[in-house]
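Beneath this line is the structure, given in C-alpha cells, with notes to follow.
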Amino acid sequence: MTDLQFSIERPIFLLLLAIIPALWWVSWNGLAMGNRWRWLLANGLRSVLCILVVLTLAEVELVRTNDRLTVIYLVDRSLSIPPERLENVIDYVRSTANTFRQQVPDDRVGVISFGGDAAIEIPPWSGDLFLRSKIETSIDPQQTNLEAALKLAQAAFPADAAKRVVIVTDGKETLGNAMSAARSLSQAGIGIDVVPITSQTRTEINVEKITTPAKMREKTPFPVQVVLNNRPGVHWAPQSASKPVVGKLRVVRRGNGRDQVVIEQQIELEPGTRVFSFQDNLPDGGFYTYEAEFTPELKGVDGFTQNNRASSFTHIESPGQVLLIVDSSRPDEFDGFAEMLRRNDLKVTIQPSDQLFTKLTDLQPYDLVILGNVARSSGNTSEITAFSDAQMQMLADNTRSLGAGLIMLGGPDSYGAGGWTNTPIEEAMPLDFQIKDAKVVPVGALMLVMDKSGSMDGEKIHWCKAAARESLRALGPHDYIGVTTFDSTTSRTVPLQTAKNRQFVTQMISRLSSGGGTNMFPAMEDGFRQLQANEAAVKHMIVLTDGQTPAADFGNLTRQIEKSGITVSTVAVGQDADVRLLNQIAAIGRGKFYQVTSPKAIPRIFMQETRRVARPLVFEKPGGIIPQVVAHHEILKGIPSAVPPFSGYVMTTPKDSPLVDVLLTSPEPTGQTNALLAAWQYGIGRSVCWTSDVGQRWTTNWTGWEGNEKLLMQMIRWCMRTTGPSENYLIASEVKGQKVKLILNALDDQGNFVNFATPQLSGVGPRSDLVSEAFVQVAPGRYEAEFDAQHAGPHFLAVSPGPGQTPLRIGVNVQNTQEFREQSDNLPLLQRFAELTPPGGRPGEVFNLDMTQEQLAKMDTNPFRHDLPKASSQRPIWYLVLVTVAGLFVLDIANRRVLWSFAWVGTLWARIRHHPLSETPVVESLHRLKAQKEKLNRDWQVTFDDAVIEAHTPESPAKSHETLPPSGKEQGLEVNEERSYLDRLLDAKRQTRRIDEKE
C-alpha cells in the first residue's frame, strides 16, 4: 500500500501567502467591478498564481510512503567458519528468505559476503533467493571485516523501502570497528538482526607464538621458546576434555639460503598453555626465520590446522659480508677481486647469475651487493638466464629501504650495454645508463620480424608481445626500433623509428593478433629495406617463427643483409618450425640461432639479442685515457694524484640530482660528462658506479698501481651498510591482525632519555610493499610508529634514529592465523548489535542457526517482520508547479483581454435537444440594430455638415461657436449630460480637420 503526501522543504517562504488578501483589497477598491463573475475569475486566477509561485519557492515535494521491506543478509566467509558450517549458513539464508518474504508489499532480499573485504553476492530484488552452496564472489578469507560489510549494505539499500540487515557470523572481527558502523546503521533507521555461528565441539590447538631475540651477535647462544595452547571443545564431556593430544613439534630455521630442522620431537599436549624452550647459536650473520609447527597424530582432533604454525625473526649481527654476483658463463672472472676483499677482512659470497637469490630474505645477511660485469640476461643459445623484474626490485628496495650498499662494476656486459636501461637498477644508481646527447655516440637500430600466423595464437603471441616490449625497454631514446609482422601478408606494425616514443610503440605492439598463413620472405625483405635506409652504426634483425614458410631465395637475401653490415638472429618456436632454414639464416647473417619449446623463454632471448644494438655504448681507446679527478670525496681520500690511464669504459650520463657526486671522469669522447666513478645516497643506503672494469680488460695496468686496492676498498667500505653501537636503542614490535606497531626506546651514553628526536621507519613487505612512517614520541625517550601490512608475510624494517646515525634493522612476520586465535564466538558483541533500536522501530532479534524446517515454520518472529517505520521517498515537484504557473499566467492574460460570451452555450444546447429556435426575438433584435445604425448615420451626417459650414464662414471659430444656435436636429435628440465615448471621438476628428485646413 502506498500513501501520497506533500512536504515543504523551505517553509519560511509560506509567509509570502499574506500578499493574497492585499491583492483582493486593491482590486475591490481600485477598479470598477464591471461584470461580477469576470472580476471573481480574474482575482481567483491571480490568487492561484501567487500560491503556486510561493510553493515553488518553498520547494514542495511529493512524499510516498509504503510498507515495502528490504532485508540484506551479511554472510561471514572467513576461514574461521568451517566449510560444513558455511553450508548450514547458506541453507538457513535460503530457507528463511524464501519462506518469510512477503510478496504483497513486494519485499526484497539480498546477500553480501564478507571476509577481509565485502562484496555483493545478490543485489536486493523481489524474487526468490536462489543461493548456491558455492558462493561466487571473491573476497579475502584471511580476515574478518564486519565494518566493511555493514557499510556496503547501507550503500546497497534502495531508498523506497524499510531496511534490515541480518548478520550471520561468529563475531571474530580482525579488522575495522563493527560496533561503530552498527550504531551508524541504527541511527539511519536500519534494523539489525544477528544469527550467531556457534563454536564447534572439537578441541582447538594452536601455536600461540615462537619467541627469539630480535638481535644477537655471532656465536652467542640465545633462547628459543614455543608457546602452544590446547583448548578442549566447550561441549565435550569432562573426561574427554582432560585427555592430552599427542603430536609432533617441529622447528625449522631458515636463513642464508638454507633450511635446517632445529628440533623435531613427539610431545603430549595437556589441556591449557605449555611452553617449550631450547638454546641455539649461529656462526654466521644475517636474518634468520624460526618457524614452529605442531601436527596432531590423529586426524580430525584439531578444529583448525591453520593456526598450528608460528614464526619469528632473529638478526645475527656480522659486519662485512659482501654478495658478488657474476656472469654464470664466466664464474671465475672476479676471483682476484674477491681475494682482495677477503684480504681486507670481508666475507665474500660469489653468486653466479644462474643461481640468483629468490627472496628478499636471501639478501639480508649482506651489507653490500656488487654486480660484476653481469648483464641483465646472459647465457648461450641452449640456456639463457635473466634477472626478473622482482629480483631487480629487491635489489633496489634492499638499498633504498634497508640501507644495504649496491655497486655496479663496468665491463662490456654492464650498464646500458648489458641491458640494464629503464630498470629499477638504473633508478637506484647515480648514473643514467643512456647517452642523452646523440652526437656523442652512434646509435643502434633493431628490427623485429615476427610471425603472427594462426599457429601463434594463445601463449605464443602473448610472450612475443612481452619480448618486444622488453626489447623496447632495453633501448636508449636515440636508438631505433621497428616491428614487422607477417602471416600470409606483411604488415609494418611499428615502422622503424626512435625508441623515445615508447608509449606509441607499446600500444602498437599490444594490438598484435594472430591469424592467417605463414610467408616470411616478404617480411624479412621489408625489414631489410628499412634497416638499409637507416644510418645507425649498429643494425640487428631478429626473425621469429613457429612454422614452415614457402620456398624463396632466403640465402641470397641474407647475404645482401650481411653485406649491408646488418646481423640476423633467428628464433624457432616449437617443433614445427623450419629449423634448418632458420639455422642457415643465422649462420649467414653472423647472428645466433635459438630453438625454444616454451614460449616463456622468448623474452630472455630478445633481451640477450637487444644487447647487440647497445654495443656503441662501449668506448675503447687502445692508446689509453687519463682519468680526471673532478671532486674531493671520502672515497678518494689518500689516493695518489697521478692516476694511470685506462683503455675503455661504458658511457653513461650523470643523473640531474644534487645528491650525485661524480668523482672521476673521462675526457673522451668530448661533448658531455663521461663519468668513470660516481656515488650518491639512495634512500637510507648508498650506491656507486664504476664504469670501467677492475683489471680484466681496460684497467690491466692498474693492478700494479699502488692506489688501486686502496681506491677499491675505500669505495666498497663507503658504500657498505653502516654499522655502529646500538646498545642505546631498544626496538620492540607488536603485531595485531594486519597492524604492526614498533616501539623505540632511546637513551644517550649517560643513560638519559633522548627526547625530541625524529626517528624514521622504512622497510619492505613480502611483495615489495614499501613502508615509510615517522615515529611519534609518546613518553620520555619512547617513540612509536604504526603501519598497516598490505600482505601477510615477512616485513624487513629499518629504523633510522636520527640523521647520520646507524639504521637499526628488525624483521616482523605478519601471519594469516588471526582468524583462528580465538576459538569461541563473540556472542556478547552480536547481542549488543541486536539491542540497537532504530528511531521509531524496535530492537533486533537473535536467531538460532541450527533450526529444522519445522522449527522455522513455527517461528513467532522472522527477519521479514514489519516492525520498522514505513519507508518514505521524496520527489521534488516544484518544477511541475512552475510549469502550471506558466499556463495559468496565459489564462489570466486572456481573461483580462478577451470578452467572454456564453450565449452560444444556449444555442448549442438547443440544437443538441433538437428544439426549434424562436424567430421573433431574432427579428426584433435585427430591427433594433437597424434603427440604432440609422440614428448613428444621421448624427454623423449632421456633424459633418456643421463642420463644412464653419469652414466657409469668415468669422473666427471662437465667435462662430458662441453665436450659432443649436440645430433643430440636435435639439430633437435626447442627449445625456455626460458625453459618450462616440461624442468624444467625433470632437477629436473635427479638431484634426480644422488644423489640416488651416495649413
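Values in this text are rule-based calculations from the coordinates and carry no lab data. What you see is a predicted model, and the numbers here were worked out from it, not measured in a lab. Cβ atoms come from the backbone with ideal geometry, glycine included; neighbour counts cover every protein chain shown.
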Need one number: nm distance between label points at Leu14 and Asp576, each 7 Å from Cα along Cα→Cβ, rounded to one decimal. 8.2 nm
Lys741: which lysines have alpha carbons under 20 Å from its alpha carbon, excluding same-chain residues fewer than 8 sequence positions away? Lys209, Lys215
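For Lys248 and Phe278 in one chain, what is 0.36 nm times their gap in residues minus the Cα-Cα distance, to one decimal in nm?
Values: separation 30, 0.36 × 30 = 10.80 nm, distance 1.58 nm.
Contour length minus the Cα-Cα distance gives 9.2 nm.
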Evaluated at 25 °C and 0.890 mPa s, the Stokes-Einstein D of the range 121-236 based on the Kirkwood radius over Cα pairs, in µm²/s, stands at 132 µm²/s
Rounded to whole Hz, the Karplus (6.51, -1.76, 1.60) HN-Hα couplings of the range 328-335, x for glycine and proline: 5, 7, 9, x, 9, 5, 10, 4
Taking the Cα atoms only, what angle lies between the long axis of helix 579-588 and the longest principal axis of the chain, rounded to 10 degrees? 80 degrees
Between the alpha-carbon centers of the range 368-427 and the range 521-565, tell me the distance in whole angstrom. 32 Å
Cα-based Rg and Dmax for the range 204-317, in Å, come out at 15.8, 52
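Just how many % of Cα pairs in the chain lie over 48 Å apart, if you round to the nearest whole percent?
Working: 284794 of 498501 pairs.
So the pairs more than 48 Å apart make up 57 percent of the total in the chain.
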Candidate lysines - alpha carbon under 18 Å from Lys637, same-chain residues fewer than 8 apart omitted: Lys710
Calculated FRET value between Asp553 and Glu427, using beta carbons and R₀ = 51 Å, to 0.05: 0.60
Of Val449, Pro550, Thr490, farthest towards positive along the dipole that unit charges on Lys, Arg, Asp, Glu beta carbons give the range 444-610: Val449
Evaluate the distance, in nm, between pseudo-label points positioned 7 Å from the Cα of Leu856 and of Gln831 along their respective Cα→Cβ axes. 2.7 nm
Estimate the FRET efficiency between Leu770 and Ser184 by the formula 1/(1 + (r/R0)^6), using the beta-carbon distance for r and 51 Å for R0, to the nearest 0.05. 0.95
Of the listed pairs Lys172/Lys299; Lys248/Lys736; Lys248/Lys739; Lys539/Lys563, those with alpha carbons more than 20 Å apart are Lys172/Lys299; Lys248/Lys736; Lys248/Lys739
In whole Å, what three semi-axes, largest first, describe the equivalent ellipsoid of the range 729-810 built from its Cα gyration tensor (square root of 5 times each eigenvalue)? 24, 13, 10
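Given a cut-off of 20 Å, what percent of all Cα-Cα pairs of the range 351-448 lie beyond it? Could you put the intermediate results ahead of the total?
Values: 1906 of 4753 pairs.
Distances greater than 20 Å cover 40 percent of the Cα pairs.
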The range 751-793 - Debye-derived log10 I(q)/I(0), Cα point model, q = 0.18, 0.26, 0.30 Å⁻¹: -0.59, -0.87, -1.02
On average, how much area does the Cα convex hull of the range 444-610 cover when viewed from any direction, in nm²? 7.9 nm²
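How much FRET efficiency would the formula 1/(1 + (r/R0)^6) give for Arg217 and Lys621, where r is the Cβ-Cβ distance and R0 is 41 Å, rounded to 0.05? Intermediate values should be presented prior to the final figure.
On the way: r = 50 Å, r/R0 = 1.22.
That gives a FRET efficiency of 0.25.
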